[in-house]
1. Quick query: amide H of GLY57 versus all other amide H atoms, modeled in the peptide plane; which residues come in under 5 Å with a sequence gap of 5 or more or a different chain?
2. List ARG221, ARG268 from most exposed to least, where exposure is judged by having the fewest other Cβ atoms within 10 Å.
3. Where does the charge balance sit around GLU281 when Lys and Arg score +1, Asp and Glu -1, over other residues with C-beta under 13 Å from its C-beta?
4. At LYS276 and LEU116, where each label point lies 7 Å from the Cα along Cα→Cβ, what is the point-to-point distance in nanometres?
5. If I take every Cα pair under 8 Å that is 6 or more residues apart in the range 65-110, average their sequence separation and divide by the length, what percent do I get for the relative contact order?
6. Which of PHE65, PHE185 comes first, and how do the rest follow, when ranked by fewest Cβ neighbours within 10 Å?
7. Out of residues 5 or more away from PHE185 or on other chains, whose amide H comes under 5 Å of its own, with H placed 1.01 Å from N in the peptide plane?
8. Please arrange HIS198, HIS117, HIS52 by how many other C-beta atoms lie within 10 Å of their C-beta, fewest to most.
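Readers should treat all values here as calculations from the given coordinates under stated rules, not as data from a laboratory. Here the structure is a predicted model, which means the values were calculated and not measured. Positions of Cβ are generated from backbone atoms using ideal geometry, with glycine treated the same way; all protein chains shown enter the neighbour counts.
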Amino acid sequence: MIIAVASGKGGTGKTTVATNLALSLADQAPLFLDCDVEEPNAALFLKPELIHQEEVGIPIPEVDFDRCTYCGRCAAVCVWHAIAIVGRKVLIFPELCHGCGSCTLNCPEGAIHEVLHVMGRLESGRAGSIAFGHGILNVGEAMAVPIIRQLKATHMAGAAHSVAILDAPPGTSCPVVETMRGADFVLLVTEPTPFGLHDLRLAVQVARDELRLPVGVVVNRDGVGDAGVDDYCAAEGLPILMRIPLDRRIAEAISGGEALVEALPEYRPQFRQLYKRIAQEVAR
């Protein structure tokens, strides 16, 4: 089962839920992928031994000027405007290129070939019985999706893991959609405040209404704010699968880089129960 843990906003406790769910299921040797490639931090809590690293990116065009006739066909077919012809010059903008290959395929002179534009790297290893992987986007790169796509392809193609937990980036943009794509269930972490409710609505729209995925909710810092999240979930038929109270002990553990289930072992059975409830929702 593939579980994507997401949130409409940052700071809700998404990574806390994802990492502690993985630690609570360590006996099932789960796969954990940190897909927040712009700011991966799950390793701070899982503390994996990283033993493999590889550069990843997308293929971008490179022009053979001995064959190029500057006809402009490449620029005409590029919907991303990543290539332009200005007089007797061909301008290529790697930050706009999506690596689709249209310019290469459509060049009548065969004057374009592709080279790898490195956008980041993947690192993988193990945290005990947990198979771990994360992506790191290079500073200055604009597109996280190719890194997330390659991270998932590397670890999930033909994988034999009974459980895979994907820690999504915050928000509801393209990287979040790519993380959710192919999941069996989306676990949305929120907080009971007007800000949490606003962003929960957006996340539900993406996961349930657009991607047609089953959704459940974890309410973090329960006990603050108001009843808006509870009322919304009841009206929308969204199951609240777990509540984590506002507790100074939890904040102290997390700020020290300690996993919740290790600092407060009484939460371990609660996270195992969370997984059982997710499995029940998927079975429906």
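1. HN-HN under 5 Å from GLY57: MET119.
2. Numbers: ARG221 21, ARG268 17.
So the residues, fewest neighbours to most, are ARG268, ARG221.
3. Details: positive: ARG208, LYS276, ARG277, ARG284; negative: ASP184.
Local net charge: +3.
4. Between LYS276 and LEU116, the simple spin-label model gives 4.6 nm.
5. On the way: 53 pairs, mean separation 18.9, N = 46.
Here the relative contact order equals 41 percent.
6. Working: PHE65 10, PHE185 20.
Ascending Cβ contact count within 10 Å gives the list PHE65, PHE185.
7. Residues meeting the amide H criterion: ILE2, ALA4.
8. By the 10 Å Cβ count, ascending: HIS52, HIS198, HIS117.
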